[in-house]
Structures are given as C-alpha cells and as structure tokens.
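K.L.:
Pasting a structure below so you can have a look.
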Amino acid sequence: MPRNKPKKKRFTASDLIWKAATGVAVVSGLFSLTVSILLVANYVQVTAINPLDTPQLLQLRQQLAAAPEADAKLIEQIRTMDLLARRAFFTSQSHLKLGGSLLLGGVIVLLTALRTARRFKPRLPEPQGPPPSEHYWISRAFTKEVLTFVGLLWAAAALVMAYLTPLDVPSAAATAPVADAGNAAADAGTTAAYPSWETMQQNWPSFRGPGGYGVAHFSTAPTEWDVATGKNVKWQVEVPLPGANSPVVWDKRVFLSGATEEKREVYCFDTETGKLVWSRVLDKFSGTPEKPPKVGDETGYAASTLVAHGDRVMAIFANGDLACYDAEGNLKWGKNLGVPDNHYGHSSSLLACQNLLFIQYDQRKNGKLIALDIADGKEAWTVNREKISWASPVCVQTPFGPELVLNSEQHVDAYDPLKGTALWQLKCLDGEVAPSPAYGGGMFFVANDNATATAIRFAPDDKTPKPEIAWQWDQSLPDVSSPVGTDKHFYMTTSRAEIICLDSASGEVAWVQEVDEGFYASPILAGDRIYAVDRKGAVHIFKTGQPFTPIATPSVGGEEVLATPAVMDGRIYFRAGKNLLCIGA
C-alpha cells in the first residue's frame with residue numbers, strides 16, 4: 001500500500017530575518033576581507049624579511065666579528081636583542097594561527113548568512129517591461145557567480161598563505177657573530193642542536209677558519225719558533241696517509257684525512273699531546289666505485305679539507321665518498337655522491353652552517369651545490385651549478401644577511417645558505433679557478449691567474465644585494481692560494497713567489513714583495529698580522545697595512561706545504577709533508 005508523501009516545507013518571506021542575515025553577511029564579509037589581507041601581508045613580510053637581521057643586530061654582529069677577542073657585554077647585548085626579536089616573532093605567529101581560524105569562521109558565517117538572506121528575502125514584484133538587453137539576466141547571474149568565486153578563491157589563498165607561513169623563527173645566521181643561538185632558541189621554546197657563531201669562532205672548523213674566508217678570531221698566534229731545536233714546538237707527529245687537506249680544530253681535537261688509490265682514512269689527534277686518538281678506514285658505501293678516478297699528483301685523493309661542527313666531523317674524498325663521524329669516531333652516516341667528473345680531482349672543501357653541511361660539487365657537467373642535514377645526511381636542498389671550479393665556498397654575514405658565496409670558471413655566485421635560493425651572480429672570472437673568495441670592508445674579492453682580480457661592492461641603500469665591479473687588477477695573480485681581506489686592503493700570495501697588497505677602496509697597488517718560493521697555502525689574518533706559508537715551509541709573518549713590514553720568517557721544517565694552517569689561541573697547527581705540527585709557547 002503506497003505511503004503518502006510528506007508535504008515539502010516551504011519557506012515564507014521574512015523581512016526581519018532577511019535584513020538581519022544581510023547585515024551579518026556584510027559584517028562577516030568585511031571582517032573576512034580584512035583578516036585575509038592581513039594574512040597575505042604577514043606571509044609576504046615573514047618570507048621576505050628575517051626578523052633577526054634588523055640593522056641594529058647586524059651592526060652589533062659586525063662589531064663582534066671585528067673584535068679581536070670576545071666582548072662579554074656586546075655578546076649579552078646581542079643575546080638580549082636576539083631574544084626580543086625571537087619572542088616578537090613567536091607572538092606574531094601565534095596571532096597568525098588565530099587569524100587563520102578567524103578567517104575560516106568568518107567565511108562560514110558569511111556563506112550561512114548569504115544563504116539565509118536568500119531564503120527569507122521578500123518576493124519582489126515582476127519587472128515591468130523588457131530587460132535592457134537580450135542577455136541581461138544571464139549576465140547578472142554570471143557576474144554574481146564570478147564575484148562569489150573570486151571571493152572564495154581569495155579567502156582560500158589567504159588560508160593557504162597562513163598555512164605556508166613559517167611558524168618557526170628563522171635561525172640567526174650561522175655566519176653572524178651572535179651570542180649562543182641555542183640558548184636564545186631554548187628561551188623561546190625551541191632547541192638548537194648546532195653550534196653558535198661564538199662557539200665556532202673559538203674553534204677552527206673548516207678550511208680557512210670560521211666561515212672559510214681566512215680570518216682568525218684570536219690574535220695571539222706565535223711568531224717565533226724553531227723546529228730544529230724544538231723551541232715553541234709543542235709536538236710533531238706523522239700522518240699515516242698523504243693528503244693536501246688542511247687541519248681543522250674543535251675543542252681538544254685536530255682532524256685530518258689521508259688517502260691512496262686503495263685506502264681512505266680520517267684521523268683525530270689530541271691537541272695537547274699530538275696523540276692519535278682514533279683513525280677510521282672508510283668502508284664502501286652504496287655507489288662507491290671499485291676504482292678511484294684519475295687525479296692530479298698535487299691534488300691527490302684527499303685534497304678537500306674536513307669540517308668539524310659540534311660533535312660531528314665530516315670528510316669527503318676524490319671518489320665521492322662522504323662520511324660523518326661523532327667525536328668518538330663512530331660513523332653516524334655515509335654515502336657516495338657519485339664519482340666527480342673533474343680532470344684534476346675533487347678539491348673543494350666542506351663548510352657547515354647551523355644544521356647544514358655544504359658541498360660545492362663542481363664538475364664538467366651536472367655540477368651541484370648540495371646542502372645536507374648534518375644529523376642524518378638527508379638532502380635539505382640542491383641547486384645546479386653552471387661551471388666547474390676547484391674553489392671552496394665561504395659563508396659571510398653581510399648587511400643583506402648571510403650569503404654563501406662560490407667561485408666558478410666565469411662567475412661569482414651567492415646563495416641563501418638556509419634555503420639555497422640564488423641571491424646574485426656576477427661574471428668576472430676566467431680560467432681554471434682554484435682560489436676561493438675573500439671578504440673585507442663590506443666587499444667580496446676574487447682573483448685567479450690568467451684572469452683578473454675583482455672587488456665586488458654593493459649599493460648601501462639597496463634592500464637586496466645588487467653586485468657591481470668596484471675595480472679590477474690584472475697583473476700577477478694566484479692560481480691556487482686564496483686571497484684574504486681586511487677593512488682597508490686585500491692580500492694575495494702567488495705561485496711566482498710574490499706577496500701583493502692592494503688598496504680595497506681604489507684597487508691601487510700598496511706594495512709587492514718578492515720572496516724565494518711560491519705559495520699554495522692561503523694566507524691567514526690574525527689580528528694585525530698575516531701568516532703566509534710558502535711551498536718550502538717558510539712562514540712569512542708581516543703586519544697588515546703599508547708599507548710591507550716583516551715580523552719574522554720561521555720555518556716548519558723544510559717540508560713541502562700545500563695545506564693552510566689552523567690558527568687558534570696562542571697556537572698554530574701546520575700540515576707539512578707527512579707531519580702535523582703544533583706550534584705554541
């Protein structure tokens with residue numbers, strides 16, 4: 001027996017409900033529009049500006065970087081300002097979460113109010129006469145649908161931007177001389193597993209020191225010693241396998257690597273005694289080739305300098321093997337990056353910043369700049385490289401923020417070290433480039449034999465770096481040794497046994513000093529002195545500025561020196577021939 005169908009409930013017009021719903025729709029619409037605009041503006045601001053790179057903080061960081069020794073009051077001032085910036089950032093991000101919820105609620109109220117107003121809208125009298133045009137009612141309906149769609153799309157975009165806005169405070173640049181970033185982050189509710197810049201300065205973590213641009217934090221390096229008599233020689237030990245890489249120092253450990261065609265090893269020595277604390281032979285990783293690539297005699301199989309970073313040390317070899325150990329020599333992770341297509345052999349050194357390891361993996365084709373997470377070796381980001389080089393990266397805190405700067409056969413390239421985005425590029429090099437960039441006086445400086453030396457400056461009022469050539473110099477230039485800079489001068493050492501000083505403001509030659517032997521090791525700035533080791537082991541120590549003012553020329557024993565020394569507080573570590581030496585009073 002068929003059932004009776006229920007009668008369909010009909011809505012009756014209500015002027016009161018219609019007006020109330022319309023009012024709610026107008027208010028919720030304006031509210032949603034305002035909140036969405038604020039969310040979009042917040043997204044643009046947070047992604048474009050690092051709140052920890054305020055002009056005041058940058059100025060204080062630069063003052064600390066220029067100080068010969070740590071300034072406790074300045075460090076505390078930086079820590080306080082850094083903490084305030086972080087707390088302000090977290091406060092704004094908590095407001096961001098609330099704003100996203102309010103926008104979603106406002107859109108729901110708006111749609112509900114519009115639907116209610118439509119249901120209870122009083123019936124209007126039929127229009128008198130024909131419409132203004134043939135498609136009048138169709139156009140009105142289409143316009144209404146378009147406006148509704150655009151409004152919903154804008155609200156959805158604002159919600160997506162609110163979701164994509166970083167909710168963690170951008171880390172203070174690892175190259176910025178800030179106070180203990182780990183403590184500041186902990187105060188703000190987070191933890192940092194990477195060393196602060198202050199901690200890195202107390203060590204010699206990479207090729208050419210903190211940041212990789214040849215400037216020592218300490219100014220107490222010795223100037224007198226005699227290897228033959230043992231005067232001021234704390235210890236001297238033999239390194240088991242050969243390598244052109246330079247010593248790196250962290251806490252009470254010195255790290256080196258060595259390799260032959262058949263074997264690759266990492267070494268850890270005690271800074272006080274020179275005792276070999278541990279050595280590790282690299283096992284084969286997935287992809288490790290059975291035969292190593294061909295390399296140049298001077299490059300060898302272990303040319304790349306290691307990087308020490310907190311309780312981790314990482315080493316890379318000519319066959320593409322990359323290994324990470326902890327302070328006790330336990331392998332944390334390892335991998336093969338692929339055999340580099342490099343006709344002299346891979347020689348670019350490693351660099352670390354915050355939680356990232358940087359590898360300038362230049363090749364004839366398919367070169368890459370790779371950033372790996374130090375904790376597990378997983379890829380954080382990778383960018384393709386246009387040209388090959390044998391240089392190493394530097395990481396510098398500039399007025400525009402931290403910049404990871406690399407040389408190639410033609411260009412100087414700058415990247416954001418945390419994101420890998422390209423910041424700027426300048427074509428000014430040529431030939432087979434091995435020297436790495438220098439930085440001093442707010443300018444980068446690059447040089448290579450058979451090309452030109454170029455000083456790169458930036459307009460001071462620009463919000464984004466726009467590089468331009470300040471001046472160039474094309475006379476005697478280095479082919480291996482990297483230059484170093486101060487506020488007023490740039491210094492180069494060449495394979496033709498010259499030490500050259502150029503005025504950083506004008507590019508004019510301040511002086512040229514000829515010596516007996518050429519240079520492969522890079523000069524290091526320590527206070528008002530520069531240490532430059534020639535290939536026969538003579539250490540040319542001279543004052544910065546002009547004229548050329550020699551201080552002393554002690555030797556490290558007459559052994560061939562390819563490696564750059566590590567300069568610490570009252571000590572210098574040299575790799576000379578088969579030996580590792582510690583010089584100190």
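The values are calculated or read from the model by the stated rules, or taken from the named source; none is laboratory data. Given the structure is predicted, the values throughout are model-derived calculations rather than measurements. As a convention, Cβ positions derive from the backbone with ideal geometry for all residues, glycine included, and neighbour counts pool all protein chains shown.
K.L.:
From the list T299, T273, T305, which one is β-branched (V, I, T), surrounded by fewer than 20 Cβ atoms within 10 Å (Cβ to Cβ) and either part of a loop (DSSP other than H, G, I, E, B) or at negative phi (or both)? Can you show your working first?
P.N.:
Working: T299 fails: surrounded by fewer than 20 Cβ atoms within 10 Å (Cβ to Cβ); T305 fails: surrounded by fewer than 20 Cβ atoms within 10 Å (Cβ to Cβ).
Criteria check complete, one pass: T273.
K.L.:
Does the stretch 372-381 contain any residue that is surrounded by fewer than 22 Cβ atoms within 10 Å (Cβ to Cβ) and closer than 26 Å to S482 by Cα?
P.N.:
First pass over the stretch 372-381, keeping only residues surrounded by fewer than 22 Cβ atoms within 10 Å (Cβ to Cβ): 373, 375-381.
Subsequent filtering for residues that are closer than 26 Å to S482 by Cα retains none.
No: zero hits.
K.L.:
Separate question: Please enumerate the residues belonging to the stretch 247-270 that are in contact with a Lys or Arg (Cβ under 6 Å, 6 or more places away or on another chain) and part of a loop (DSSP other than H, G, I, E, B). It would help to see each step written out before you state the result.
P.N.:
Of the stretch 247-270, the ones in contact with a Lys or Arg (Cβ under 6 Å, 6 or more places away or on another chain) are 247, 266, 268.
Correct list: P247 only.
K.L.:
Here is a further query. Could you list, in sequence order, the residues of the stretch 399-423 that are surrounded by fewer than 20 Cβ atoms within 10 Å (Cβ to Cβ) and outside any strand (DSSP E or B)?
P.N.:
Passing the criteria: P399, F400, E409, Q410, D416, K419, G420, T421.
K.L.:
Does the stretch 278-289 include one or more residues that are touching a Phe, Trp or Tyr at 6+ places or on another chain (Cβ under 6 Å) and either without any contact (Cβ under 8 Å) to a residue 12 or more places away in the chain or in the same structural domain as R571 (by TED's automatic domain parsing) (or both)? Working first, answer last.
P.N.:
Within the stretch 278-289, the subset touching a Phe, Trp or Tyr at 6+ places or on another chain (Cβ under 6 Å) is 279.
From what's left, either without any contact (Cβ under 8 Å) to a residue 12 or more places away in the chain or in the same structural domain as R571 (by TED's automatic domain parsing) (or both): 279.
Taking every residue of the stretch 278-289 in turn, at least one turns out to be touching a Phe, Trp or Tyr at 6+ places or on another chain (Cβ under 6 Å) and either without any contact (Cβ under 8 Å) to a residue 12 or more places away in the chain or in the same structural domain as R571 (by TED's automatic domain parsing) (or both).
K.L.:
If you don't mind, there's one more thing I want to ask. From the list E238, E261, E272, pick out the single residue that is acidic (D, E), in the same structural domain as C324 (by TED's automatic domain parsing) and closer than 14 Å to R575 by Cα.
P.N.:
Details: E261 fails: closer than 14 Å to R575 by Cα; E272 fails: closer than 14 Å to R575 by Cα.
Testing whether each residue is acidic (D, E), in the same structural domain as C324 (by TED's automatic domain parsing) and closer than 14 Å to R575 by Cα leaves just E238.
K.L.:
Right, next: If I ask for residues that are surrounded by fewer than 18 Cβ atoms within 10 Å (Cβ to Cβ) and either assigned to a strand (DSSP E or B) or under 22 Å from the mean Cα position of the chain (by Cα) (or both), which ones from the stretch 324-334 would you list?
P.N.:
D326, L331, K332
Matching residues to (1) assigned to a strand (DSSP E or B); (2) outside the structural domain of W473 (by TED's automatic domain parsing); (3) charged (D, E, K, R):
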{"site": "S392", "(1), (2), (3)": "no, no, no"}
{"site": "Q397", "(1), (2), (3)": "yes, no, no"}
{"site": "Q425", "(1), (2), (3)": "yes, no, no"}
{"site": "E432", "(1), (2), (3)": "no, no, yes"}
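K.L.:
In addition: Restricting to the stretch 256-277, name every residue that is of a type in the set (S, T, N, Q) and either touching a residue at least 60 places away in the same chain (Cβ under 8 Å) or more than 14 Å from N245 (Cα to Cα) (or both).
P.N.:
Within the stretch 256-277, the first condition is being of a type in the set (S, T, N, Q), and the residues that meet it are 257, 260, 271, 273.
Once the filter is applied, which keeps residues that are of a type in the set (S, T, N, Q) and either touching a residue at least 60 places away in the same chain (Cβ under 8 Å) or more than 14 Å from N245 (Cα to Cα) (or both), the stretch 256-277 yields S257, T271, T273.
K.L.:
In the stretch 469-486, how many are without any contact (Cβ under 8 Å) to a residue 40 or more places away in the chain and either crowded, with 19+ Cβ neighbours inside 10 Å or outside any loop (DSSP other than H, G, I, E, B) (or both)?
P.N.:
Of the residues in the stretch 469-486, the ones without any contact (Cβ under 8 Å) to a residue 40 or more places away in the chain are 470-471, 473-477.
Applying the additional criterion that residues be either crowded, with 19+ Cβ neighbours inside 10 Å or outside any loop (DSSP other than H, G, I, E, B) (or both) yields 470-471, 473, 477.
So the count comes out to 4.
K.L.:
Within the stretch 387-423, work out how many residues are under 14 Å from the mean Cα position of the chain (by Cα) and either among the aromatic types (F, W, Y) or within 12 Å of I456 (Cβ to Cβ) (or both).
P.N.:
Narrowing the stretch 387-423 to residues under 14 Å from the mean Cα position of the chain (by Cα): 392-398, 400-406, 413-423.
Still in the running and either among the aromatic types (F, W, Y) or within 12 Å of I456 (Cβ to Cβ) (or both): 396, 398, 400, 403, 405, 413-415.
Total meeting the criteria: 8.
K.L.:
Identify the single condition in (1) touching a strand residue (DSSP E or B) at 6+ places or on another chain (Cβ under 8 Å); (2) over 27 Å from C395 (Cα atoms) that K291 does not satisfy, given that it satisfies every other one.
P.N.:
(1) is the only condition that K291 fails.
K.L.:
Residue by residue through the stretch 368-395, note down the ones that are β-branched (V, I, T) and either touching a helix residue (DSSP H, G or I) at 6+ places or on another chain (Cβ under 6 Å) or free of Cβ contacts under 8 Å to residues at least 12 places away in the same chain (or both). Walk me through it before giving the result.
P.N.:
So the first thing to find is which residues in the stretch 368-395 are β-branched (V, I, T), and the list is 370, 374, 382-383, 388, 394.
The answer is V394, and nothing else.
K.L.:
Moving on. What's the number of the only condition in (1) touching a Ser or Thr at 6+ places or on another chain (Cβ under 6 Å); (2) at pLDDT below 95 that D341 fails to meet?
P.N.:
Of everything listed in (1) touching a Ser or Thr at 6+ places or on another chain (Cβ under 6 Å); (2) at pLDDT below 95, D341 misses just condition (1).
K.L.:
Sort through Y573, Y491 and tell me the only one that's within 22 Å of N448 (Cα to Cα), touching a Pro at 6+ places or on another chain (Cβ under 8 Å), in a strand (DSSP E or B) and in contact (Cβ under 8 Å) with a residue 24 or more places away in the chain. Quick ask: steps written out before the conclusion?
P.N.:
On the way: Y573 fails: within 22 Å of N448 (Cα to Cα).
Within the list Y573, Y491, the selection yields Y491.
K.L.:
So which residues in the stretch 495-508 are in contact (Cβ under 8 Å) with a residue 12 or more places away in the chain and within 32 Å of the chain's Cα centre (by Cα), if there are any at all?
P.N.:
So in the stretch 495-508, the residues in contact (Cβ under 8 Å) with a residue 12 or more places away in the chain come out as 495-507.
Scanning the stretch 495-508 gives S495, I499, I500, C501, L502, D503, S504, A505, S506, G507.
K.L.:
For G367, which of the numbered conditions (1) surrounded by 24 or more Cβ atoms within 10 Å (Cβ to Cβ); (2) farther than 25 Å from Q201 by Cα; (3) of a type outside the set (D, E, K, R) fails to hold?
P.N.:
So the condition that G367 fails would be (1).
K.L.:
(1) of a type in the set (G, A, S); (2) out of contact with any Gly (no Cβ under 8 Å at 6 or more places or on another chain); (3) more than 29 Å from G338 (Cα to Cα): which one isn't true of A422, the others all being true?
P.N.:
Going through (1) of a type in the set (G, A, S); (2) out of contact with any Gly (no Cβ under 8 Å at 6 or more places or on another chain); (3) more than 29 Å from G338 (Cα to Cα) one by one, A422 breaks only (3).
K.L.:
Which of (1) under 22 Å from P247 (Cα atoms); (2) within 27 Å of the chain's Cα centre (by Cα); (3) not in a strand (DSSP E or B) does I530 not meet, given it meets every other one?
P.N.:
Among (1) under 22 Å from P247 (Cα atoms); (2) within 27 Å of the chain's Cα centre (by Cα); (3) not in a strand (DSSP E or B), I530 violates only (3).
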